[in-house]
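Below is one structure; the comments refer to it alone.
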Amino acid sequence: MQDHASGRTSAAALEESYDDAVRDTVERFEATGSPVITDGEQRKSSFATYPLEGLNSLAGDGVVIPFKDGHTRQLPRLTVGPFHYGKYAGEYVRRAKPFAKRPLKQAVISASALSLLYPAQGIEGYARDRFIEDLVNEVVADIRSAFSAGAETVQIDFTEGRLSLKLDPSGGLLKSFVALNNRVLDRFDAGARARIGVHVCPGGDHDSTHSADVDYAGLLPPLFEMKVGRFYLQLASEPDRPRVLKQVAGLLGSERMIFVGVIDPISPRIETAEEVRDRVLEAARFLPVDRMGTTDDCGFSPFADDVSTARDLAFAKIRARVEGTAMAAKELGVRGVELVGG
């Protein structure tokens, strides 16, 4: 990707490299035994910016996100309307399906994250309300494209949810984010929403986080107002999991699924299957087993230039998750596939 950006690699060679990376990811993912897989986001510049690829309506001086280790990420700034996507997630599903034998989950970026593209000073001739309307339409189209291409489930990445409480401890920004995302979800029927989930974490870039010091207690009540059927929660790296699980149990409701994070992607140590088993059994003390699954806390390298985690390490961790979940399922008297599926 870097060579292509600098003109040293052709577009055709880049596409061939993408295919090789997706094929390798799918094969390794399926070899772990996971009943639901992804393409590893191999074709994305990042989990957040893929819709912006190819657009010429952006400047580079947008919102800055600081991480605990001192490095930052800066979002682009929209300079002119109307806003539209340069790429939809359905393309990633379509490109991965020829290599996959198992159901695919596709991650998409939230409307709330992309709302940060609009500058505080506004854009002449393009009001914020019009931008939000265009944004909602595009996010809906993005999710629909993934389903139309054959995705089994769609995961909305909402890492800015926890970060919003750091920026605005009153919770007003978080509530506005949830309301915006619900405008998107209102465009889907109950059957589709059951297949849509939301993922939250404190960030995970170059082995650092942006909001791990923000208490889950303030995030969870507004989060569970989102009209999705699935919640994917970072928990493996959480210092007091029982406290969080107890709160989740009181918010989950009677139909929605909860996927408990049992693997820490930014830790270089590979968790054992026994550790994963114990984390699942811990969660089962609080949550209904028939509506529980496991996941990783976050992506292993959400940005394309983050090479802090080796592929072998990532898949060893995923295998530990699958095997440990199966061990827990046996003790709980349920089929392992019911706990692992995402």
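Taken together, the values in this text are just the output of simple stated rules run on the coordinates, not laboratory data. Bear in mind that the values here come from a model prediction, so they are computed numbers and not experimental data. Please note: Cβ atoms are built from the backbone with ideal geometry, for glycine as well, and neighbour counts cover all protein chains shown.
Report the antiparallel proportion of the DSSP beta bridges in the chain as a percent, rounded to a multiple of 5.
That works out to approximately 25 percent antiparallel.
Using only Cα atoms, figure out Rg for the chain and give it as a multiple of 2.2 N^0.38 Å.
Dividing the Cα radius of gyration by 2.2 N^0.38 Å gives 0.96.
Kindly provide the helix-only [θ] at 222 nm of the chain, computed as the sum of -39,500 (n - 2.57) over DSSP H runs of four or more divided by all residues, to the nearest 500 deg cm²/dmol?
Using -39500 (n - 2.57) per qualifying helix, the result is -12500 deg cm²/dmol.
Explain nothing, just compute: Karplus ³J(HN,Hα) = 6.51 cos²θ - 1.76 cosθ + 1.60, θ = phi - 60°, for every residue of the stretch 151-163 in order, whole Hz, x for Gly and Pro.
With coefficients 6.51, -1.76 and 1.60, one gets 5, 6, 9, 10, 10, 8, 7, 10, 5, 6, x, 5, 4 Hz.
Which of rounded, prolate or oblate describes the stretch 46-145 when judged by the alpha-carbon gyration tensor and an a/c cut-off of 1.5?
oblate
Extension gain Ala12-Ala194, at 0.36 nm per residue separation less the Cα-Cα distance, in nm?
Contour length minus the Cα-Cα distance gives 61.7 nm.
Going through the stretch 278-334, which GluC sites (Glu not before Pro) have at most 11 other Cβ atoms within 10 Å and a DSSP loop state?
Here no loop site has a sparse enough neighbourhood.
Between the DSSP loop rule and a limit of at most 13 other Cβ atoms within 10 Å, which GluC sites (Glu not before Pro) in the stretch 116-214 are left?
Of the GluC sites (Glu not before Pro), the ones in loops of the stretch 116-214 whose Cβ has at most 13 other Cβ atoms within 10 Å are Glu124.
As an exercise, identify the GluC sites (Glu not before Pro) in the stretch 1-109 lying in DSSP coil whose Cβ has no more than 14 other Cβ atoms within 10 Å.
Of the GluC sites (Glu not before Pro), the ones in loops of the stretch 1-109 whose Cβ has at most 14 other Cβ atoms within 10 Å are Glu53.
Based on the alpha-carbon gyration tensor of the stretch 20-72 and its eigenvalue square roots a ≥ b ≥ c, which shape applies: rounded if a/c is under 1.5, prolate if not and a/b is larger than b/c, or oblate?
oblate
Note down the net charge around Leu185, summing +1 for each Lys or Arg and -1 for each Asp or Glu among other residues with Cβ under 11 Å from its Cβ.
After counting each charged neighbour, the total is +1.
Residue by residue, what Karplus-based ³J(HN,Hα) values in Hz, rounded to whole numbers, does the stretch 284-292 have, using 6.51, -1.76 and 1.60 with θ = phi - 60° and x for Gly and Pro?
Result, rounded to whole Hz: 5, 5, 10, 10, x, 4, 6, 10, 10.
Measure off 7 Å from each Cα along the Cα-to-Cβ vector at Leu313 and Asp24, then give the distance between these two points in nanometres to one decimal.
1.6 nm
Given Cβ point charges of +1 (Lys, Arg) and -1 (Asp, Glu) and nothing else, what value in debye, to the nearest 20, does the dipole of the chain about its Cα centre take?
800 debye
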